[in-house]
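Let me begin by presenting the structure, written as structure tokens, before commenting on it.
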Amino acid sequence: MHEQRYGLISSLSIHSIVFILFFALSVHKNTDYIKTYYIQFTQMGEQTLQAAGPSREIMKTKVPKAIKKDVVQTRCNDEPPVKEHEAVIINDAIESHEAVNVASTSDPGLQSEATHHQGGGSTVGNVPNAAPSGTSGVIETEFGSTGAPAFLKRQMPIYPMMAKKLGKEGRVVLRLFINEKGKLMNVEVVEQAGYGFTESAVEAVKMSTFSPARENGVSTASKALLTIRFVLKKV
Amino acid sequence: MEWLHALVDYGIIGLLIIMSIIAVAITVERYLIFRKIRVENFNDKKSLEIELTKKLHIIATIGSNAPYIGLLGTVLGIMFTFYTMGREGLMDTGKIMTGLALALKATAIGLVVAIPSITFYNFLLRKVKALIAQWETDNGRKRI
């Protein structure tokens, strides 16, 4: 009887060791804490709406909650990152200027702006009540400028297959809340694009790591604008 | 059809893990018993054999059946993928491939369970044979 007990205990311990090793080695970056906000500007910045093209209209008809669910589902797949594809994805500061203007007109805090919009009766995307932590001393910046957060590990977004097939290009503008430790707190979609561009961009950002923004040599929390362009290279 | 996915993910893989735990537990138990057993205490060869080969068939069964169970999981996973494809119509190639790749994990786990089980079984069988041979030599082959 003693042997049976020893056998069971040792077997269970061997299996648990194997499982612990397995899960420790397959490092899954936990991105569940990152909230994704979808913001839609309907009344302000009409000129940039045209820049986004007709795909915005498609996205607008969808319920924001459903979009968020889609993002969650694609995250569950845990696909291995595809490094090599024929698409060029550039983070261009110059191109994103119009988007910056849109964002800066609505800058006094996302939350207040969102509530204002909801009060005004215009469409504002799904804004969860979870406020970004440490909003005091948050600097507004954009990727590429001095003192802005930078990529430590940059995960290139996957060009959505369907968009590639249809020859569609797009641009996604995200605002990343990065805390003083360089941890991504949440992602805000400032400008959406259809054909899975938004999901792909958000997914890639969540898998990337960042260095925090620096102000006078001190790392601070920041909201940084990131423009991701999906461009097909002509062959 | 969601239940099929859950069945593959939890049912099949859970079953394989339980089988693996049982196989290792029996192996350890048998090993301890083989080390402790005194062949001199047995007067009959057959009773010694019965005592030694007890539970060994379980390891053999697990070793031979784990790949089949894993294969069953893979077939169910592929069924689920095809079903989803048929229902949703046009589907992303990446999604299909991911579904198929994830379906294959059941086979992989089945093999991972089967390989050590067969090894343990052969190891224990050899121990049994050695102990019986020792009994035979001790008894001068006169009472076989």
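So the values come out like this:
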item: Share of carbon and sulfur in the accessible heavy-atom surface of chain B [1.4 Å probe, %]; result: 67 percent
item: Length-normalised contact order of chain B in % [C-alpha pairs under 8 Å, at least 6 apart]; result: 39 percent
item: Across A:Lys153/B:Lys95; A:Lys181/B:Lys95; A:Lys164/A:Lys223; A:Lys233/B:Lys105; A:Lys153/A:Lys233; A:Lys183/B:Lys105, pairs whose alpha-carbon gap is larger than 28 Å; result: A:Lys181/B:Lys95; A:Lys164/A:Lys223; A:Lys233/B:Lys105; A:Lys183/B:Lys105
item: Most mobile of B:Lys129, B:Lys45, B:Lys95 in a GNM of chain B (Cα contacts under 10 Å); result: B:Lys95
item: Amide proton proximity set for A:Ser208, modelled H, under 5 Å, gap of 5+; result: A:Gln155
item: Residues in the range A:1-18 reached by a label modelled at B:Ala108 [backbone nitrogen below 12 Å; 7 Å Cα→Cβ]; result: none
item: Amide H partners (placed H, <5 Å) of A:Tyr159, local residues excluded; result: none
item: A:Ile139 versus B:Glu88: modelled label distance in nm, points set 7 Å from Cα along the beta carbon direction; result: 4.3 nm
item: Accessible area (Å², per residue) of the range A:135-215, counting only protein heavy atoms and a probe of 1.4 Å; result: 39 Å²
item: Under 5 Å, built H, 5+ apart or other chain: amide partners of A:Thr220; result: A:Ala213, A:Arg214, A:Glu215
item: Peptide-level mean, for A:12-23, of C-beta atoms on other protein chains within 10 Å; result: 2
item: Dipole-positive endmost among B:Ala101, B:Asn139, B:Thr81 within chain B (Cβ charges, Cα centre); result: B:Asn139
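The values are calculated or read from the model by the stated rules, or taken from the named source; none is laboratory data. Worth saying up front: this structure is predicted, and the values here are computed from it rather than measured. In this analysis, Cβ positions are derived from the backbone assuming ideal geometry, glycine residues included, and neighbour counts consider all displayed protein chains. What goes into the accessible areas is simple: the full protein's heavy atoms, side chains included, and nothing from ligands, DNA or RNA. Shrake-Rupley method; radii C 1.70, N 1.55, O 1.52, S 1.80 Å.
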